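Engineer: This structure is in structure tokens; I'll ask about it shortly.
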């Protein structure tokens with residue numbers, strides 16, 4: 001029986017995976033799934049157990065015990081949790097910076113980006129995942145509202161460099177003609193004028209906390225917590 005402790009996936013992403021992905025992808029077809037950042041395998045297990053058909057495969061990228069993140073995975077726990085699906089998973093026990101450049105271009109149908117949350121790293125992952133996706137491929141970028149939960153404040157330099165939000169905003173503005181929004185976080189409307197926006201602490205409090213009701217429609221696992229888009 002898989003055990004996920006702590007389980008970050010269920011309260012923050014499962015809702016959108018469960019509700020949105022079946023609406024935008026036909027899971028009766030074979031799918032090639034890419035995941036950056038797997039921790040204990042909750043998201044990977046959900047994909048295989050609930051969405052991917054019996055012939056679909058996955059590539060998982062995570063350094064596990066060598067991670068510099070606050071969420072350090074355990075390789076043995078991951079393998080135990082995904083035991084029945086391991087023959088369909090290519091596990092890359094490494095950093096995405098070392099792996100993505102070696103993967104086959106235009107070969108993936110769905111990608112989930114949930115690795116390092118440093119803005120530069122998130123931007124790197126988004127830029128380097130794009131060429132790997134088939135036309136029409138779905139990309140899910142996690143933790144757009146990571147700071148709303150206080151994530152990372154004690155690990156990285158606050159606000160300026162540690163926000164997935166900043167990287168996602170920059171990517172969207174630079175690649176607007178190449179992508180199609182599936183879910184668009186409400187906060188995007190606040191910063192249309194600046195591609196490289198850096199929020200101060202006061203601005204974060206104003207944009208996030210003062211708009212809490214709007215941003216968290218039915219809790220942080222609603223649309224706003226992930227930015228999900230399609231490659232044209």
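Engineer: May I ask you to say which residue of 204, 129 is modelled with pLDDT under 80 and either closer than 19 Å to residue 37 by Cβ or not in a loop (DSSP other than H, G, I, E, B) (or both)?
Structural biologist: Testing whether each residue is modelled with pLDDT under 80 and either closer than 19 Å to residue 37 by Cβ or not in a loop (DSSP other than H, G, I, E, B) (or both) leaves just 204.
Engineer: A further question follows. Go through (1) crowded, with 23+ Cβ neighbours inside 10 Å; (2) more than 17 Å from residue 113 (Cα to Cα) one by one and return the number of the condition residue 62 breaks.
Structural biologist: Single failed check for residue 62: (2).
Engineer: Would you please name the residue that is surrounded by the fewest Cβ atoms within 10 Å (Cβ to Cβ), looking only at residues in segment 115-126 that are in contact with a strand residue (DSSP E or B) (Cβ under 8 Å, 6 or more places away or on another chain) and at pLDDT below 95?
Structural biologist: So the residue we want is 115.
Engineer: Quick one: in segment 26-53, which of the residues that are touching a strand residue (DSSP E or B) at 6+ places or on another chain (Cβ under 6 Å) and assigned to a loop (DSSP other than H, G, I, E, B) is farthest from residue 145 (Cα to Cα)?
Structural biologist: 31
Engineer: Okay, next question. For segment 79-94, state whether one or more residues are in contact (Cβ under 8 Å) with a residue 24 or more places away in the chain and under 15 Å from the mean Cα position of the chain (by Cα).
Structural biologist: no
Engineer: Take segment 1-24 and flag every residue that is outside any helix (DSSP H, G or I) and in contact with a helix residue (DSSP H, G or I) (Cβ under 8 Å, 6 or more places away or on another chain).
Structural biologist: Answer for segment 1-24, where residues must be outside any helix (DSSP H, G or I) and in contact with a helix residue (DSSP H, G or I) (Cβ under 8 Å, 6 or more places away or on another chain): 2, 3, 4, 7, 8, 13.
Engineer: For segment 54-78, what are the residues that are without any contact (Cβ under 8 Å) to a residue 40 or more places away in the chain, part of a helix (DSSP H, G or I) and out of contact with any helix residue (DSSP H, G or I) (no Cβ under 8 Å at 6 or more places or on another chain)?
Structural biologist: Hits for segment 54-78 are 66, 76.
The values are calculated or read from the model by the stated rules, or taken from the named source; none is laboratory data. Not measured: the values here are computed from a predicted model. As a convention, Cβ positions derive from the backbone with ideal geometry for all residues, glycine included, and neighbour counts pool all protein chains shown.
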